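I have placed the structure first, in the form of structure tokens, so that the comments after it can refer back to it.
Bear in mind that the values in this text are calculations on the coordinates, not laboratory data. All values reported here derive from a predicted model rather than from experimental measurement. Methodologically, a virtual Cβ is constructed for each residue, glycine included, from the backbone with ideal geometry; neighbour enumeration extends over all protein chains shown.
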Amino acid sequence: MSTVELSGPAAPHVGPFFAGLARDPIIWLIVAIFAVGALTSEYYLTALNLENLMRNIAVIGLLSLGMTVVLLTGRIDLSVAALMIFSIIVGVVVMAKLGPALGERWLVRGNTYAGPIVPVVLIALSTGAAVGAINGIGVAYFKVASFIMTLVTLTALRGFNYVLTNGHPYYLKSPFYSWIGDAKIGALPVSFLIFLAVLFVLMVFINGTVRGGRFYAIGGNEKAALYAGIKTQRYVVLAFVISGVCAAIAGIVFTARLKSVDAPLAAGYELTAIAIAVIGGTALSGGVGSPWRTLLGAVAFASGLNLLAIWGVGTWYQNLAIGVVLIVSVGLSKMSRRKANR
Amino acid sequence: MTTLDDKVAEPAAAARLAGPWRHLRAGDLSRVVVLICLVAVGQAIAPSFLSLANVHVILLAVAAIGIMAFGMTLVVITGEIDLSIAGIAILSCVVGGLLIPTGSATLVIGATLATGLAVGLVNGVLVAAFGIPSLIATLGMLGIARALGNIFSGGQALYPEPIAAYLWLGRGDLLGVPVPVVLLLLLGAAAIILTNYSVFGRALYAAGGNVRAAELSGINVVGVRATVFMISGVCAALAGMLESARLSYINPAGLEGMELSVLAVTVLGGAALTGGVGSIGGTLVAALIIGIVNNILNQLGVSLYLQQVVTAAVILAVVLPGMRHRGIAK
């Protein structure tokens, strides 16, 4: 492959990280998108648009980070989009029901929740972890294929979302929640900072610790990992719990921006999350990929869509483009891998 | 996904019977028992449960999903997956629908089925020839087909009213049996013959069980893969047409999430996503289970959304017991 020349003595000063980066086609894709954006639209590189872009990246990025961890173990999690809405709905419904018992009225007129928001957030996070644990236990201990297990959770949670909300949206009125959704610290939106924090934690854990490295071992060769003494079942459960918590955080960030939660929201996001992880280079067969690369996938995906939207390309054509890019990017990486193996 | 490189998970040990029952597996019995129990429960709740009218209602409700699931079962047996079926159904119906002004039933129905075949062929080529994982190829195709359906129709519904033969597909009857039900049963019978009693059927299971061994025994694995995607595409187009005819309008935004419901029926029917395992009979029984559960819940006045939860529980209850014996599940 041509990459041999690039890694030669031409770049002796640059660390291996940046040398690897320069060889990565996705970096050039992102650079190309931003260059074309800057050349064709005066709005693309404005602060307002970049802010908007970062907020979009935060939601789909959080979902795909969790998905990446599950994919690393060779499993898949289809329940993330339903779970991100479900966890918030559970938080709001539990608190709204709890209010009268404590002599408070937190659910005011117009289906608006105006009670304390921190318990809602905490309940949402624990719901995410709990559903993730159920998925993980089903897959690791009861040996249900992850595709089926999480498909079942997806179906059940979508149903629960409608049952719990009665089909009406809940509106969330809270200064803290609005702060998560709207505020900026410096130039960066709070939601994007939350995403970066989760990314940092996952990068340190997955790529920086021995325990994190075991996800790769399981995805690479599960039997070998098992015989090497890794408690693979626990790590599989952990992967799904991480995915569930990431989904709950994505739900918080998403609903904080909308200041409401509604059952049909985020339909189909699970497929977007898979697409981003795959565009970032995560292999569906497990063992290949990283949170950092998923960030690149999310940036490429969101900035590409943002550019199409700025050009005034309709949603239908955007969806068409997503499908084509997904197939072509996987096809190209498959072909380059085949060449490398030859 | 599980289907790709190394198969860590061993498929459940298959207890095979002799003679004409050789195609049955242990799981088939539990599904049939569940089905009989459900019928008994239904009859206990509503005396009219087994009336001809209600049986037609149940079968009519699962006709489209069942036909799609036949195609999906073939794809899953080869160790692949087809997430694009809802997109194919929409795109095919829209392409056919655009020809309604010609007034020719042959043209409209032919174009619908041909589009399904063509998109299925593209899926097959992407997966079998280019080696793109089917999950990704058909996921991308789902988005592409849905988008094209919207673009071609301008997002507007199309009305097949002028084409009597088209409407007959969804609303007519043959000897008192609704046409979609006749098609469901006929296609089911054809698919059972195809999978159990044909050379292609043997190649199908061989390709799903062990690709390398199948190739070395002279089976054209690429051809088998491409063929099942084409069959799945045609099944999707036909199912979409039955639904459009029944509702008498072609909705470019319809069938949301249908691919996952169909997959659920297929899995409930005993097909393993690791490939090599699955049967059309099992899928048919699974479609009936889902139809009867929903019918009972409707009679009890349970909300549509709670039905989703119950359906999920039923799938898990049927699928779980067979899974414990496996080595590693992915």
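Diffusion coefficient (Stokes-Einstein, Kirkwood radius over C-alpha pairs, 20 °C, 1.002 mPa s) for region A:43-328: 111 µm²/s, rounded to a whole number. With neighbour counts taken as other beta-carbon atoms within 10 Å, the residues B:Ser51, B:Ser279, A:Ser290 rank, fewest first, as B:Ser51, A:Ser290, B:Ser279.
Between the helical axis of A:47-72 and the dominant principal axis of chain A, each derived from Cα atoms, what acute angle in degrees is found, rounded to the nearest 10? The answer is roughly 80 degrees. Helix A:232-258 against the longest principal axis of chain A: what's the angle in degrees, Cα atoms only, rounded to the nearest 10? Taking Cα atoms only, the helix is inclined about 60 degrees. As a proxy for reagent exposure, ranking B:Val122, A:Val210 by other Cβ atoms within 10 Å from fewest up yields A:Val210, B:Val122.
Per residue, the average separation of C-alpha pairs within less than 8 Å and at least 6 apart gives chain A a relative contact order of 31 percent. Pairs of Lys residues in the protein assembly as shown, spaced 8 or more positions apart or belonging to different chains, with C-alpha separations under 23 angstrom: 17 in total. Can you classify chain B as rounded, prolate or oblate using the Cα gyration tensor, where a ≥ b ≥ c are the square roots of its eigenvalues, rounded means a/c under 1.5, and otherwise it's prolate if a/b beats b/c and oblate if not? Taking the square roots of the gyration eigenvalues as a ≥ b ≥ c, chain B is oblate. Calculated from the alpha-carbon coordinates, region B:245-316 shows an Rg and a Dmax of 14.0, 40 Å respectively. Taking a span of 30 Å or more along the helix axis (Cα atoms) and a mean Kyte-Doolittle hydropathy of at least 1.0 as the rule, the DSSP H helices of chain B that qualify are B:52-77, B:221-247. The mean sequence distance of close C-alpha pairs (under 8 Å, at least 6 residues apart), as a share of the length of chain B, puts its relative contact order at 33 percent.
Its residues counted as N, the protein assembly as shown yields a C-alpha radius of gyration over 2.2 N^0.38 Å of 0.97. Using a simple spin-label model with pseudo-atoms 7 Å out from Cα toward Cβ, A:Arg109 and A:Lys173 lie 0.9 nm apart. Using a Gaussian network model of chain B in which every pair of alpha carbons under 10 angstrom is joined by a spring, one finds that among B:Gly269, B:Gly131, B:Gly282 the greatest mean-square fluctuation is at B:Gly131.
With each label modelled as a point 7 angstrom along the Cα→C-beta vector, the B:His56-A:Val313 pair spans 5.0 nm. On the basis of the beta-carbon distance and an R0 of 56 Å, A:Ser41 and A:Ala101 show a calculated FRET efficiency of 0.55. Taking every DSSP helix (H) stretch of at least 4 residues in the protein assembly as shown, weighting each as -39,500 (n - 2.57) and dividing the sum by the residue count yields a mean residue ellipticity at 222 nm of -23000 deg cm²/dmol. Neighbour counting of Cβ atoms within 10 Å sorts the residues B:Ser134, A:Ser126, B:Ser48, fewest neighbours leading, into B:Ser48, A:Ser126, B:Ser134.
Net charge of the neighbourhood of B:Met258, taken over other residues with C-beta under 13 Å away and scored Lys/Arg +1, Asp/Glu -1, is -3.
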